[in-house]
Amino acid sequence: MKAAVRRRRNWAGWLFVLPAAAFYVVFVIQPLAMTVQYSLYSWDGIGVATWNGVQNYLRVFTDPDLFAAILNAIKLIVFFSAVPVVLGLAIAATIRRIAASRLALVARTVIFLPQVIPLVAAGITWSWLLSSTGLVNQLLSAIGLESITRAWLGDFSTALPAVGVIGAWVLLGLCTLLLLAGMSKIDPALYEAARLDGAGAFREFFSITLPSLRQEIGVCVTVTVVAALASFDIVYISTQGGPGNASMVPGLEIYYLAFSEREVGLASALAVVLTALVIACALPIQWLTRDRSS
Amino acid sequence: MKTARREALTGRVLLLVLMAFTLMPFVSLFVTALHPSGTYPLGLDWPDDPQWGNFADAFTAARMTELLKSSVLIVLGVVPISLVVATMAGFAIGHLRIPGRRFVFVAFVLGLTLPFEGIITPLYYLVRDMGVLNTRWAIILPLIGLFMPFSVFWMRAHFVNMPEELSESARIDGAGTWQLFWKVHVPLAAPATSSLAILLFLWTWNQFLLAIVLVDDPLQRTMSGALGAFQGQWGTDIPLLCAGSLLILTPTLLVFLIFQRRFVTALLQGSLKG
């Protein structure tokens, strides 16, 4: 009797999962399988697709333009990930002691704004700031650096770093607040003990703060690395991948290949590579920084 | 004591610098929006004759009322369905302990970091074959699927922590699983579902890629997609573009300022769990 009831419950349980699974399978798993399938064909999206084997993948890794897009995404990690995490750590460690003050509460709202607005809006705003008559150049001229002013997003050597600056601006607030939240969980007695032992701010940071933030740092790095590798909105709005191919990233390249150049097979191969790259980066970071107790 | 005070002062200064760095772009956007339409002002320059009318012009040029309606319709399509479907799944995986729950859970979790660009090409053909290309459904239906990994993950985390005794006592009172879910667990899950609703609202409202690929008409898109089109159309008229961008930002900013506590907490928890 009891076993029968339990079995009935279990079946009912599956009915609860069904709608979610249906949406997931139809709109995520199925297209994912289709991407892999398309990637093995040569197809213009209209006519008959012809079998192409791994040719599309070979092109992804040998075509200098396509490979450069992948490299660009990896370079963006420096700006999207390294800068916000390192700066965020420094800032959070400095403001840790006044984290409960009124100013800090206001700041919490303000530095969160970039997370709330659409990336498209961040892109438009910064395109204007970084333009030849924009605020960045105005400030540089004001401190006597007129010689280096330029249209930052239109210059071959600075377009990609300029895109990176936009990403850093968007992600810095999130990282700072995440790390600050992590620091507030550290037992204050640890800091007092360190002070009594005569530890300075640096010692304190490296022997108490940093080790305790393992999980939070892991989250920041994962979120920001994924944002860098899969960047699309900011690049689309601010540079369209230009000038030339200087700031092209895989996400944008997939969009162009699939919907402008009608190379659906090649676009899909790049999509598979991008997806694999994101998972290959996200999984080890999660694994390395996972809370060892859980 | 002295060091503590010095540290507090450094902290305050740093906070102010950080806030200035965050706000500067918005200030620049705002003062530029006040310059005469079609001029090329400097980045930060208060105009002699502020053109407040630019905002009204941008409101008409961007067709704000229609845009707002479109975004609201899309949000109304995505958020309620996602919430119900994900709460049910989270309940089954986290609380009912159905057979094979581990497998189902891992299958959802694997989708957490999937970049949307990875599946955008087949989504186009899929949505076209369903006959909903260029309608709002083309954004709504795939987004529900794409948000499902996070939503299920989030709701499961809530239900895993619900005590078993709660359900047992309801069952003794004769409640079936369906009643147990709606009468007992849905009301108790309100904090988790409302935070999820905030996150889903924000991600839908700001969704760009799906909007530009799957819907041609900017008036059927999300706010973010429409902003992209607005830039394409008015990109050369900088004051008007700035005014329009600010207008398009306003609804999100208002919602954020009203619910700021919940927003910040939800987003921080959201990234911690994700």
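At a glance:
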read-out: For chain A, built as a Gaussian network whose Cα springs stay under 10 Å, the top-fluctuating residue of A:ALA246, A:ALA269, A:ALA20; value: A:ALA20
read-out: Of the DSSP H helices in chain B, those whose Cα atoms cover at least 15 Å axially and whose Kyte score averages 1.0 or more; value: B:2-33, B:64-91, B:137-160, B:190-205, B:238-258
read-out: Proxy reagent accessibility, fewest Cβ within 10 Å first, across A:LEU277, B:LEU42; value: B:LEU42, A:LEU277
read-out: Cβ neighbours within 10 Å from other chains - mean over B:142-148; value: 6
read-out: In nm, spacing of pseudo-spin labels at A:SER207 and A:VAL26 (7 Å Cα→C-beta vector); value: 6.0
read-out: Per-residue [θ]222 nm for the protein assembly as shown (sum of -39500 (n - 2.57) over DSSP H runs n ≥ 4, rounded to 500); value: -22000 deg cm²/dmol
read-out: Student exercise, the protein assembly as shown dipole from Lys, Arg, Asp, Glu Cβ charges, in Debye to nearest 20; value: 2440
read-out: For residues of A:129-142, the mean tally of beta carbons on other chains within 10 Å; value: 4
read-out: Student exercise, chain A dipole from Lys, Arg, Asp, Glu Cβ charges, in Debye to nearest 20; value: 1540
read-out: Value of relative contact order over chain B, rounded to a whole percent, pairs C-alpha under 8 Å and six or more apart; value: 31
read-out: 15 Å cut-off, amide nitrogen to a point 7 angstrom out along B:ARG63 Cα→Cβ, residues in region B:197-218; value: B:215-218
read-out: Relative contact order [Cα under 8 Å, 6+ residues apart], chain A, whole percent; value: 29
read-out: Extension gain, A:ASP155 back to A:VAL110 (0.36 nm per residue minus Cα-Cα distance, nm); value: 13.1 nm
read-out: For residues of A:101-113, the mean tally of beta carbons on other chains within 10 Å; value: 5
read-out: Residue with peak Gaussian network fluctuation, chain A [Cα springs, cutoff 10 Å], from A:TRP152, A:TRP14, A:TRP43; value: A:TRP14
read-out: Label point distance in nm, A:LEU288-B:VAL106, each placed 7 Å from Cα along Cα→Cβ; value: 2.3
read-out: Where labels lie 7 Å past Cα in the beta-carbon direction, separation of A:ASP44 and B:VAL160 in nm; value: 5.1
read-out: Residue order, fewest to most beta carbons within 10 Å, for A:LEU229, A:LEU160, B:LEU253; value: B:LEU253, A:LEU160, A:LEU229
read-out: Gaussian network model of chain B, Cα within-10 Å springs - most flexible of B:VAL17, B:VAL109, B:VAL152; value: B:VAL17
read-out: Per-residue ³J(HN,Hα) for region A:69-81, Karplus 6.51 cos²θ - 1.76 cosθ + 1.60, θ = phi - 60°, Hz, x for Gly and Pro; value: 4, 5, 4, 4, 4, 5, 5, 4, 4, 4, 7, 6, 10
read-out: Total formal charge among the other residues, if their Cβ is under 14 angstrom from that of A:SER231, Lys/Arg +1 and Asp/Glu -1; value: -2
read-out: Fewest-first ranking of B:ASP237, A:ASP155, using other Cβ atoms within 10 Å as the exposure measure; value: A:ASP155, B:ASP237
read-out: Chain lengthening between B:LEU16 and B:LEU188 when straightened (0.36 nm per residue, less Cα-Cα); value: 57.9 nm
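Just so you know, all these numbers are worked out from the coordinates, no wet-lab data involved. For clarity, every value in this text was computed on a predicted model and none was experimentally measured. We place every Cβ from the backbone using ideal geometry, glycine too, and count neighbours over all the protein chains shown.
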